[in-house]
Amino acid sequence: MMQRLFLWLLGLSVLFSCVNEDDYTIDAAEINPTLALPLVSGSLSVQDLIKSTDSVYVKVYPDDLVYLSYSQTLKTQGIRDLFDVPDKVLNRSFFVPQATIPPLTKDLRSDSISELVDFGLSPEQLSEISFSGGQVTYNTSVSPPGANLKYEVNISLPDFISKTTGKPININANGAGSILLSDYLVKLNKNKFNMKLVLVFKKNTAPTVIGPNTFVNVKLSFLGMDFSYIKGFFGDQVASLPSDTVEVGAFGTALDDANVSFADPKINLVVINDNGVPCEVDFKKLEGQKNGQSINLVLNPANPISIAYPTTLGQSATTTVSVTNVKQVMSFAPNKFYYQMDARINKGLASGVNFLADTSKLRVKMNVEVPLYGQASDINLLDTLKLDLTNLDQSSVNNASLKVKVTNELPLNASIQFYLTDEKYQVIDSLLLPDQTNLIKGSTVTSSGDLQAPGVYDQLVPLDKSRLDKVFSSQYIIVRARMNTSTDASGAAVDVKFKSKYKMAINLGLLAYLKITAKL
Amino acid sequence: MRRSRLTLTIFCLAVAFHASGQMEGTLHYMSCLPQVVNNNPAFVPKYKYVVGLPISSLYEGYTNSGFSYNDLVKRQDGQVNADLTGWISKLPEKTFITAAAGADLLRLGFRINPKVYLGVNVTGKTFGQGFLPKDMATLLVDGNAPYVNSTANVSPMLEALSYLETAVGAAYEVDSKLTVGGRIKILKGVANITTEASDISIAVDENYGITASAGIDVRTSGVNSLTNSGYEVSKEIKNYMKNGGLAIDLGATYRLLDKLTLNASIVDLGSIKWKTNLYSYSMDRSVATYTFSGIDANQLVNGNGNEYIQAQKDSIKNKFDLKEGPTDAYRTMLPAKFYVGGNYEIIKNLNVGTVFFAQSFKGRFSPGWTTSLNKNFGRVVSATLSYTLSNRSYNNFGAGLSLNLAPVQLYIVGDNLLKIPSSLIVNQNLNEYINTAQVINVRFGLNFVWGWDKSEKGTLAPSKTKSVNQSPAKKPKVKTGTSKKDASYLKVRRKSKR
């Protein structure tokens, strides 16, 4: 029985050993998959296309028209900085004749000095200073030292009035002391104030012997004075103000070689003056600049411009200056505006009532408002991308096509080309054939420049095999878009509007025909 | 009547052409084998007494409803190259690949009286089924472009179960026409992998935007611990046997006409509850859904392309996070099988039988059809030739051979064995057979058998008369020119005809 079983199993094993294993050794495998890969998708508005760093300048009018609003304010205290109250030091002495002073039952006013003190300002002639800082220091002494004289000096500054009590400075000094000026204002007469010093012998039960050449000395110092406002006539002076620049880089370099015409751009200058003094602003330079070139802005009123000034301290006066050649300037497509100016006060005047506070500024605000309404051609956008296809087998890509679907509500046509370059950015070839580059079709517009119908491009763009092969040996790919605004039915350029609701829906995909062979 | 038969025949053939089962059609009418009761518990084998030891029956089966090896390769200039494009073109929408194995550890069968046949078996079984959606293969080979504006369903499924079956069954002859049978099976699950849910899809829109979604719920028992270092199955065998289950087989045969017997059965109707060493892998489809439509144009315009791609990578990683961990007990059904057939006695010891069968498992209903010619050459040799439609495969010529050298019975049977000799003759190897086969199954072994039943019980049908109950003294006399036992069998038949 076991013999039979053995033979049975042996027969089976012999049977199943009759297999040629070579038949199950697969030498190679090849597949030809076609991959449909999404590359880019999304919906872009004109706001998205403008450089993100400038997005804060993108605004929308109530009618949905997008505009660029640039505003730069030059804040200068150039006029206020014209004024400074210098330190003033006064040394005065009382001569006390040689004698014996009998006992005094009460204080005895001996001598006095009255004087009109000049702060020494020029050309301004101030009538009032309200101090925000500084001090008056005083020091009295007797010479020669050791004289046994009991005295006081009464220091009276009647023009220095306390802002809290309304009382003038009036102190009796014997030795050193100081008074903070931040609580005082001084009434001046063309920079001058009154001062009176009175020497007082103090009551004494004993007689006082005064030696020869005896003096009572008074040193009075006005130091570190700063003002919260000044009033008076400030003189005919010129303040040089710092220069400033307004960057208008929303389009980057895209408009460098473009022909641009904005339908309704606006540029104005607003001068806000806190200084209560007649002032004339002289724009030494006011120009739009681009790549070393410039264009002057023509102002109305013409330069130099007398600006308004406030009649009450704490108020401001505004002067608006417009640019008369704004369309010309914007067609130049500057990427920045530069201005530099002087401010001249009291031009030709010999008197007047001026004022300013220590916080008073001259603000020159430049507003550039560019509604995206107009026409343009030859707008260029360039971007460079690094390619790294070293891990891909070139032979595995048989062919490829770009799937492009763009539904464009923006009135902007674009021709796009992909340039393949070596590591030195030398162009090897372009990816698309010349007749394949018009990938973005602008919308059609009404006579008023509004959207009529979106432009639709929906095609599979076959890529030339020889050009495609060069992708694998390229180091960089430069994407260049050349754009024009939509034209009318006859092909003539028309002013078009870019509204915020207009979108460009982009779907870009790649259809790649691969051939993958594996030797096993 | 003839038209309705024709219609029925065409329908059955049509169903069978698309069939993809994992079953044994050729075995069905090999009445000399005690294993025939596997297909129908009402079948009564030829031998009254059977003892099967661990080698009594070994079964291996493989089916592939989608392709054969030849569909996968192309031979050119002495080289064998994978022809994946050709393979895809031939694939059906759903390809099921199954593998099954079984081995009797013990089999006992004995007829306790003329009406009752009892059987006991202990059998180890393993079944595995993988589902390959055509879309998955297409994606790998042809890419995703064919799915622009459509969705590829790439939900694979894997089922595997291994269990020990202890079965007690009986066939009972109700009357001269009807025999019924049943079997109760006590199941002990060893290991299981089941895909409770698999819903993975990749959709491509007209602009090539790709949406991937994945919902997965795979549960396992007795598998995860195998990956633990130091884990020894032998020490944990007790745990493996804690997965209990129950199943039943039901069957009947009915002699419709004198020579025509019908049969029907349901086999492996039951389930196993998996309780030990449970581990699951899941992904929530409501979370694991991601659409990539390309780099966002706004991000690109703002020069944030690289950051955007990195953010998308992180998002994908978070969304498609495969959760894994211990899970609760679960229950899986066995692959239930259904057989309906008929057997016609052409002449003595020569029958033609046909059986439609189907397997239902995890939502897959896979039918098939076998027709066989069965011949007993005396008691020593029983042979069967068959033709089977199964798994979209129509070149399955099967055979069965039993050498009844009582008490030893050696046998082999399979649904696609007949091509083996032709392959050997023509090519001196089995390659042609293997390369073209989508159905390969073979059962072979050695039984110990006694008591060849010369009545029709061994034809899987009730006896035509009650002669088998007669005492030996009343047995019909042997007719000259035939062996004693065969002549007796023949006479009984003749009597019944009268």
* Asked: With a ≥ b ≥ c the root eigenvalues of the C-alpha gyration tensor of the stretch A:346-422, is it rounded (a/c under 1.5), prolate (a/b larger than b/c) or oblate?
  -> prolate
* Restricting attention to the stretch A:331-432, which trypsin sites (Lys or Arg not before Pro) occupy a DSSP loop and are surrounded by at most 10 other Cβ atoms within 10 Å? -> A:LYS424
* To do: Using DSSP to define loop residues, name the GluC sites (Glu not before Pro) in the stretch B:137-215 whose beta-carbon has at most 15 other beta-carbon atoms within 10 Å.
  => B:GLU206
* P(r) weight above 21 Å for the stretch A:43-199, C-alpha pairs, percent -> 64
* Structure fact -> Everything considered on the Cα gyration tensor (a ≥ b ≥ c; rounded for a/c under 1.5, else prolate if a/b is larger than b/c, else oblate), the stretch A:271-422 must be described as prolate
* Taking the mean number of other Cβ atoms within 10 Å as a proxy for protection, how do you rank A:40-47, B:183-190 from highest to lowest? -> B:183-190, A:40-47
* Asked: In the stretch A:144-196, what trypsin sites (Lys or Arg not before Pro) fall in a loop by DSSP, with at most 10 other Cβ atoms inside 10 Å?
  -> none
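Using the Cβ atoms and a cut-off under 12 Å, what net charge is assigned to the surroundings of B:MET241, where Lys and Arg are +1 and Asp and Glu are -1? All intermediate terms of the calculation are to be shown ahead of the outcome.
Numbers: positive: B:LYS188, B:LYS238, B:LYS242, B:LYS275; negative: B:GLU236.
Here the charged neighbours net out to +3.
Total Lys pairs in the stretch A:345-456 closer than 21 Å by alpha-carbon, pairs eight or more apart in sequence or interchain only?
The result is 4.
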* Asked: If you put +1 on each Lys and Arg Cβ and -1 on each Asp and Glu Cβ, how big is the dipole of chain A around its Cα centre, in Debye rounded to 20?
  -> 2400
* Eligible aspartates and glutamates near A:LYS88 by straight Cα distance, threshold 16 Å, same-chain separation 8 or greater -> A:GLU115, A:ASP118, A:ASP159, A:ASP226
* Asked: Within the set A:LYS266/A:LYS503; B:LYS177/B:LYS362; A:LYS465/B:LYS319; A:LYS470/B:LYS90, which residue pairs have Cα atoms separated by over 30 Å?
  -> B:LYS177/B:LYS362; A:LYS465/B:LYS319; A:LYS470/B:LYS90
* Helix A:2-16: angle to the longest alpha-carbon principal axis of chain A, degrees 0 to 90, nearest 10? -> 70
* Asked: Shape call for the stretch B:204-298 from the C-alpha gyration tensor, a ≥ b ≥ c root eigenvalues: rounded (a/c under 1.5), prolate (a/b greater than b/c) or oblate?
  -> oblate
* Asked: Can you give the mean number of other chain Cβ atoms that lie within 10 Å of the Cβ atoms in peptide B:287-297?
  -> 4
* Residue by residue through the stretch B:408-414, which ³J(HN,Hα) values in whole Hz follow from phi under the Karplus form 6.51 cos²θ - 1.76 cosθ + 1.60 (θ = phi - 60°), with glycine and proline marked x? -> 9, 10, 9, 8, 8, 8, x
* Structure fact -> Under the Karplus relation with 6.51, -1.76 and 1.60 and θ = phi - 60°, whole-Hz ³J(HN,Hα) for the stretch B:255-264, x at Gly and Pro, equal 7, 7, 10, 4, 10, 10, 10, 9, 8, 8
* Structure fact -> In Å, the Kirkwood estimate of hydrodynamic radius for the stretch B:44-128 over Cα pairs equals 16.6
* Mind checking B:42-53 for the average number of partner chain beta-carbons within 10 Å of each residue's beta-carbon? => 0
* Peptide B:418-428: average number of partner chain Cβ atoms within 10 Å per residue? -> 1
* Neighbour-count order for A:ASP488, A:ASP107, fewest beta carbons within 10 angstrom listed first -> A:ASP488, A:ASP107
* Asked: On average over all directions, what projected area in square nanometres does the stretch B:301-357 have, based on the convex hull of its Cα atoms?
  -> 11.2
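Each value in this text was obtained by applying a stated rule to the coordinates, not by laboratory testing. Predicted model, so just to flag it, every value in this text is computed and none were measured. Cβ coordinates were reconstructed from backbone atoms using ideal geometry, including for glycine residues, and neighbour counts include every protein chain displayed.
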